[in-house]
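Colleague: My structure is below; once you've seen it, I'll send some questions.
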Amino acid sequence: MKIPECDRCLLYSHNPHLFCAVHPAGPQGDSCLDFRLDPNAQAEELWEPEGATYYNGELILQPQQRLTQQQQQELLDTHPMFTGRCPRCNAEFDRDWSARVHWDCSECGWMDDTV
Ligand SMILES: [Zn+2]
């Protein structure tokens, strides 16, 4: 049986009919004693799309411009997308965000220029 480690193993032949030089039928059980990490294998589980980041486990697309870490933190602390409130007058935003494209405040006229 092929195990997840096979994809990152030097001995993996990438041939579905004889995929391992040492264990042609695959390793016994769910780990392999002969596993050798292939330095050229891609670490797929760490993949993150360009220009996006994870916030509370959800993938968030960043604005086009590159923000510094401090600017990103500021955005998370102040932007109504994350706080639910207007950064200027503190008015509460409608939490139905799915249909929301613009974050302009109807109370004080604050305009969102980040997204
Ligand atoms: Zn406002």
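The values are calculated or read from the model by the stated rules, or taken from the named source; none is laboratory data. These figures come from a predicted structure and were not determined experimentally. Every residue, glycine as well, gets a Cβ built from its backbone with ideal geometry; the counts of neighbours run over all protein chains shown. Surface accessibility is based on the protein's heavy atoms, side chains included, excluding ligands, DNA and RNA. Shrake-Rupley method; radii C 1.70, N 1.55, O 1.52, S 1.80 Å.
Colleague: Please find, within the stretch 52-87, the residue that is modelled with the highest pLDDT out of those that are at positive phi and either assigned by TED's automatic domain parsing to the domain that holds Glu5 or loosely packed, with under 12 Cβ neighbours inside 10 Å (or both).
Modeller: Looking at the filtered set, the residue picked out is Gly57.
Colleague: Going by the conditions given, is Cys32 modelled with pLDDT of 85 or more and open to solvent by less than 70 Å² (accessible area, probe 1.4 Å)?
Modeller: Yes.
Colleague: Does the stretch 37-44 contain at least one residue that is modelled with pLDDT of 80 or more and in the same structural domain as Met1 (by TED's automatic domain parsing)?
Modeller: yes
Colleague: Exactly one of these conditions fails for Asp113: (1) within 16 Å of the ligand (Cβ to nearest atom); (2) at pLDDT below 85; (3) surrounded by 10 or more Cβ atoms within 10 Å (Cβ to Cβ). Give me its number.
Modeller: (3)
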